[in-house]
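Report on one structure; see the data block that follows.
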Amino acid sequence: MTFVAAWLIFPLLVLATALGTGLLIERIGGHRLPGPLLVGVGFTGLVCVTQVITLKGATAPLAPVAVVVVAVLGYALGARRLRETRADLSVLTLGLVVFAAFAAPAAFTGELTFLGYSNLGDASIHFELVDRWMAHGPSVAGLAPSSFRDSVNSYFITSYPTGAHTVLGAARALTRLDVAWVFQPYLTVLATMAGLALQPIVAPAFKSRWLAAAVAGAAALSGLVYSYANDQQAIKELATVVCIVTAVGLVRPLLAAPAGWRAGLPLAVTVGGGLGVLSLAVAPWVGPLLVIAGIAFLVRNGRERPRAAALQVGAFAVVAGVLALPALSRLGTFVAVSNSALTGATEFGNLPAPLQMIQAFGVWPAPDFRLPLLVGPSFAYVAIGAAVLSALLGGVLSVRRRAWGVLLLAGISTVGFLAVAGRSSPWAYGKALMILSPAAVVLAAAGAAYWWEDRRRLEALALGVSLAIGLAWTDAQTYHGIDAAPHDRMSELAGIGERYAGQGPSMYFEFEEFAKHFLRRTDPIGAVEAYRPPVPAPAQGRVLRFGFSADVDDFDARSLADHVPLLVIRRGPTTSRPPSGYRRVEQGRFYDVWRRERSGPRILAHLPLGGRLDAAGTAPCKKVKRLADVARARGGQLAVAPRAPLAVAHLARAPAPRHWGVDAGDAETWRPSGQGRVSTTVKTAAGRFSVWLEASVGRAAHVYVDDREVGVARNELNPRLSTIHLGSVMLAAGRHDVRLDLEGGSPDPRNGGVNRLIGPVYLSAAADPGAGPLRTVAPADWRSLCGTYADWVEAVEPS
């Protein structure tokens, strides 16, 4: 039912509240708007409402109520309008096609998830902003130091625009679903709104409403928009497209409306919503649009009704200014931060190189839009060339047909792009290119559609089919290569966050940026987060690598025990046991939870013995003696965490398919491309062994020991150095063959992807490594620990 709620009830709720709000704005404006524009106008109205009401923490929780009240009022006042409206099958088909296409990558996984998991961690910030903003407004008052607190505060103090977030948060609260599970449906709804808003812009240029719907649908399905929605979690940019397209669509009905102070209010609301979504950064698009609309309006109405025209312009300015107050109140900080973060020539974000201008035309059939064309580049460039040619044709024929809506959209989008691109970083350039892309594809699709109506059917088919194939091919590549978050593991984190709420601070050691959201009620501290309080301190000599998971032993044991009562540790054979005084209170499929006992011993000194490939090692006599001297001086004793040695099958040291490559950051890890097989050998003692695979995989990875399949890892994306438990196997003493087979392609959207990793296979003699009983030894007997294979040795004293 939660899947249905996320992908059916939630989208319908967002669209219904947007439609109701749009009806209210239409009624206040005093003139009828094109039906497909109502949801876009209503969305911008919801941005304005939720931004105002969440500006203060005291009123922020009332946002869902306000959304419902506004929508219900709109339906009450617009009931007659709805009864008089006839359903347009072409528009309904347009909305359903766009929704289905954008929903497919996530919905076809069959589970609740969000996309872009391994590409970019920005979605974690979006989740956190919604969590905090909707409950307390832009304030961290009352939060204990944590990665969650530091991350949201870093965005609050920069006046990060949250208009798209507050609408999401209000609608999410009505369903009571975690924001993570409705985030992808929300992006899908935004794309659908953009497609619907494009229809009334292009419809006047065509005799056939179906052709207009096809042109609008093609623009909404631009490869760059599709990729940003499914790979980059581009909530602001997608909402910005909705605002810009809606504003352009409002110009024509505004010029046809009767003169009066109310006529410009729908456009004023849309401008206010755009400022809420993107702050002043939306000005390069909205500013020229308002100038053009204002000139056109004054030319049309100024001579005959100068007083009415002046009143209308004044009313527009007042309403737009009032609705923009939430954004304008934070403008100074936003501008200062934007100038430094978005204009630096070296600010690439997660782009390996700047995007290419031709990507705006929607066709770029690469496994990842950030990569060059490698598969079928000749045909790809033919499709791109056809799209560019068709766009040029579309521009010329739009002038001849006086398709002012199409030309206005293209002109405004181009001016906005050039204004941003001229001084922006590669990261911001890519976002601006995405916002330009729907207009570029509108022109390309319109060129073919114009020729079709002009009865140049053969030429129209050549351009149209080429564009359709290029767009479908591009979107199919994105669909095939998505990075879907692993639902089961995220849900386990969420459960831990609920059960241990208020018992933190907690600390997690995986490089799992989304743990900040799911563990937020435990004041989580990420060991390798960009946002991390100064305590607990790293252990002396330990270097933490951003992007790689850390280990408990990477932190000073005494600092850990003093500051962190709760540890959330990924299960696995290479994970160290927490220091003395921590007791495991929960064992899950993926994570163990350890709690610091108040009666536990005080740690005097801690000697970690493990490394990259094993949590344990041999205890050297010299260092054990030093610990014994420390314990003896304080009347304490030695504690040791014994551990069985691991057998490690180094897959990355064995021959592999030629299209696989060793990861540049870790010589023990393959970066696989496509299917393949890799095999090696490992030596073990006799006994039963638990088998673990260090990997992050989409398509199935089968692991065999002596030609017996032990288990399979499928659709399990993981942070670096995390392991997957596959099963167990009984082995005789000696050397054994270990083989991994990675399956080929399938229709599953998670079957492709470029961020995939395959590391070693571990064979552990312990079924539950790292959780066995501790031994205590008197300082005088320290020699008994020399050469002991253990996780760590400590000097402790009773508390």
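Cβ-Cβ below 6 Å, separation at least six or inter-chain, first residue in segment 677-688 and within 13 Å of A766 (Cα to Cα) and open to solvent by 20 Å² or more (accessible area, probe 1.4 Å), second of a type outside the set (K, R) and not in a loop (DSSP other than H, G, I, E, B): which pairs?
R688/S728; R688/M730
Criterion first (under 30 Å from S728 (Cβ atoms), among the hydroxyl-bearing types (S, T, Y) and in contact (Cβ under 8 Å) with a residue 24 or more places away in the chain) does S559 satisfy it?
No; evaluated as a whole, the condition is false for this residue.
Identify, from the list V705, V662, V630, V640, the residue that is more than 30 Å from Q477 (Cβ to Cβ), open to solvent by 50 Å² or more (accessible area, probe 1.4 Å), hydrophobic (A, V, I, L, M, F, W, C) and in contact with a strand residue (DSSP E or B) (Cβ under 9 Å, 6 or more places away or on another chain).
Unique residue meeting the criteria: V630.
Output yes when any residue across segment 257-269 is open to solvent by 10 Å² or more (accessible area, probe 1.4 Å) and of a type in the set (F, W, Y), and no when none is.
Yes, because at least one residue in segment 257-269 is open to solvent by 10 Å² or more (accessible area, probe 1.4 Å) and of a type in the set (F, W, Y).
Kindly establish whether R720 is closer than 25 Å to V568 by Cα, touching a strand residue (DSSP E or B) at 6+ places or on another chain (Cβ under 6 Å), open to solvent by 10 Å² or more (accessible area, probe 1.4 Å) and at pLDDT below 95.
yes
Which residues, counting only those in segment 746-776, are over 30 Å from I482 (Cα atoms), among the hydrophobic types (A, V, I, L, M, F, W, C) and open to solvent by 10 Å² or more (accessible area, probe 1.4 Å)?
The answer is A765, A766, A767, A771, L774.
How about segment 270-302: which of its residues are aromatic (F, W, Y) and either open to solvent by 20 Å² or more (accessible area, probe 1.4 Å) or within 21 Å of P204 (Cα to Cα) (or both)?
F297
Check whether at least one residue in segment 89-96 is in a helix (DSSP H, G or I), of a type in the set (S, T, N, Q) and within 20 Å of A164 (Cβ to Cβ), and report yes or no.
Looking for residues that are in a helix (DSSP H, G or I), of a type in the set (S, T, N, Q) and within 20 Å of A164 (Cβ to Cβ), one finds none in segment 89-96, hence no.
Between a residue in segment 429-441 that is farther than 20 Å from I201 by Cβ and open to solvent by 10 Å² or more (accessible area, probe 1.4 Å) and any residue that is in a helix (DSSP H, G or I) and not aliphatic (A, V, I, L, M), which pairs come within a Cβ distance under 8 Å, given they are 6 or more apart or on different chains?
The qualifying pairs are K431/Y228; K431/E237.
Tell me the residue from G74, G29, G57, G20 that is touching a residue at least 24 places away in the same chain (Cβ under 8 Å), open to solvent by less than 40 Å² (accessible area, probe 1.4 Å) and either charged (D, E, K, R) or under 26 Å from P138 (Cα atoms) (or both), please.
The unique qualifying residue is G57.
Are there any strands (runs of 3 or more DSSP E) wholly within segment 539-654 with 1 or more residues that are within 35 Å of the chain's Cα centre (by Cα), and if so which?
Passing ranges, in order: 566-570, 582-587, 591-596, 646-649.
When you scan segment 95-115, do you find a residue that is hydroxyl-bearing (S, T, Y) and either open to solvent by 40 Å² or more (accessible area, probe 1.4 Å) or under 24 Å from L198 (Cβ atoms) (or both), even just one?
No, there is no match, as no residue in segment 95-115 is hydroxyl-bearing (S, T, Y) and either open to solvent by 40 Å² or more (accessible area, probe 1.4 Å) or under 24 Å from L198 (Cβ atoms) (or both).
Could you tell me whether any residue of segment 492-512 is under 30 Å from S549 (Cα atoms), crowded, with 19+ Cβ neighbours inside 10 Å and free of Cβ contacts under 8 Å to residues at least 60 places away in the same chain?
Yes, segment 492-512 contains at least one residue that is under 30 Å from S549 (Cα atoms), crowded, with 19+ Cβ neighbours inside 10 Å and free of Cβ contacts under 8 Å to residues at least 60 places away in the same chain.
The values are calculated or read from the model by the stated rules, or taken from the named source; none is laboratory data. Only a predicted model underlies this, so the values are computations on that prediction, with no experimental measurement involved. All Cβ positions, glycine included, derive from the backbone under ideal geometry; neighbour counts span all protein chains shown. Accessible surface is based on the protein model in full, side chains and every heavy atom, while ligands, DNA and RNA are left aside. Shrake-Rupley method; radii C 1.70, N 1.55, O 1.52, S 1.80 Å.
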